[in-house]
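Structure, as structure tokens:
The values are calculated or read from the model by the stated rules, or taken from the named source; none is laboratory data. Bear in mind that the values here come from a model prediction, so they are computed numbers and not experimental data. A quick note on method: Cβ atoms are made from the backbone with ideal geometry, for glycine too, and the neighbour counts reach across all protein chains shown. Calculation scope for accessible area: heavy atoms of the full protein, side chains included, ligands and nucleic acids excluded. Shrake-Rupley method; radii C 1.70, N 1.55, O 1.52, S 1.80 Å.
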Amino acid sequence: MMMPSTHRAARSSFILVFVLLVLAITTTRTVEGHARIECPPSLSGKTGEKVGPCDVSTDDGLLQSFPLRANALNTVTWLESIPHPGAPVRFALSREGGDSNGGSSLDQAATGFETCLLLDHVPHDALSRPTYRDESSWHRSSITLWIPDVRCERCYLQLISVMSDAAHGVPTDTKCAYRGARLANANTDAINIVDTPEMDFPACPAVYHSCSPVSIDGTIPRNDMDVCNTTEFEEQLGWPLTPRDNPDLYEHSIYYNRGDVGLYSTTDATLRFVGSPLTDATCTNPLYCDPGVSFEEILGVPDAAAYISLEGSCASVVESKVEAYVPPAAAAVDTTNGDSVADDVVTAVEEGEEKEETAINSSTSTSS
């Protein structure tokens, strides 16, 4: 039976309004650097979550905890959807987040991030040039962490990516501190931290967050560990970018303007060279700095360095094809009803992202 013209007109008007709304949402997102953990899988596919401490506020439990080995090296990978030169990455481990079924707020577990830093000042790959709209082009980097003798059924591995340039409120030749560290250290009695250098610097205005649920097979319950020994983890790795090696550049949770620059292998995404901070004399582009011009090597990574060894379940990911994020509930979605409204919404989202990509490219060309 043919739909009456008045009904078709009403439906078309509904679709138009809905599409315009989706377009408005997708085209007004801020165009800035974005990153998320790839392996272990993150709670969502979001790469632009700035509120933190994770990419979602509630864990629905649909994503299974990813097993990590205690007292061992574990490789992790992350993806960048929009690049940002000199933007460092930091990894931390939460408190126990509940049983393996999840379904709870992350607030209680997240209180542990600032008391268990696994690795900080992981350099940004100067070769990163992804296309936001094409997920297969998102840039992969990897690093290997030391996971201590800790036991948890559902902890969260946190990645933060700090925008440390003037365009994001960190003026040239200045530093900022991660807001989460500043807030945690404001109550030193509660978390038994004495030294609080983060309070000497303003909060970093733009930080992206991503979390992955993990299980760890150690002997000490995570909630029984007041403060992790980050220095021990760095020594296990032979990590060279520490406060002991250079307190001006590598204090934990404090970041110098575009101070964390690296070059990673194009075959296995491992860190190969560390560079000095970027300067305005060599690059002012907020999205890409040609390493042929701007990269000044200060350290070559030894082939036998533990932090680039490929270990654990995520090691095989480094040479695989980058794929789009698949929500854990995707298999349960009924796709048998091919409603044209859904098709129109998908089209609207794609068009909105295309406009965002155009804005990114325009910004790159005008900043060159």
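What are the residues in segment 264-279 that are open to solvent by less than 70 Å² (accessible area, probe 1.4 Å) and either assigned to a loop (DSSP other than H, G, I, E, B) or acidic (D, E) (or both), if any?
Within segment 264-279, S265, D268, A269, T270, S276, P277, L278, T279 qualify.
Checking P243 against (1) of a type outside the set (D, E); (2) open to solvent by less than 50 Å² (accessible area, probe 1.4 Å); (3) touching a residue at least 12 places away in the same chain (Cβ under 8 Å), only one condition comes out false. Which one?
All conditions are met except number (3).
What about Y255, is it out of contact with any Pro (no Cβ under 8 Å at 6 or more places or on another chain), at pLDDT 95 or above and either buried (at least 18 other Cβ atoms within 10 Å of the Cβ) or not aromatic (F, W, Y) (or both)?
In short, no.
I'm trying to understand the selection: among the residues of segment 283-297, which are assigned to a loop (DSSP other than H, G, I, E, B) and either hydroxyl-bearing (S, T, Y) or free of Cβ contacts under 8 Å to residues at least 40 places away in the same chain (or both)?
T284, Y288, D290, E296
Okay, residues lined up against (1) part of a helix (DSSP H, G or I); (2) open to solvent by less than 60 Å² (accessible area, probe 1.4 Å); (3) touching a residue at least 60 places away in the same chain (Cβ under 8 Å):
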| position | (1), (2), (3) |
| --- | --- |
| N223 | yes, no, yes |
| D226 | no, no, yes |
| W239 | no, yes, yes |
| G262 | no, yes, yes |
| A281 | no, no, no |
| L299 | no, yes, no |
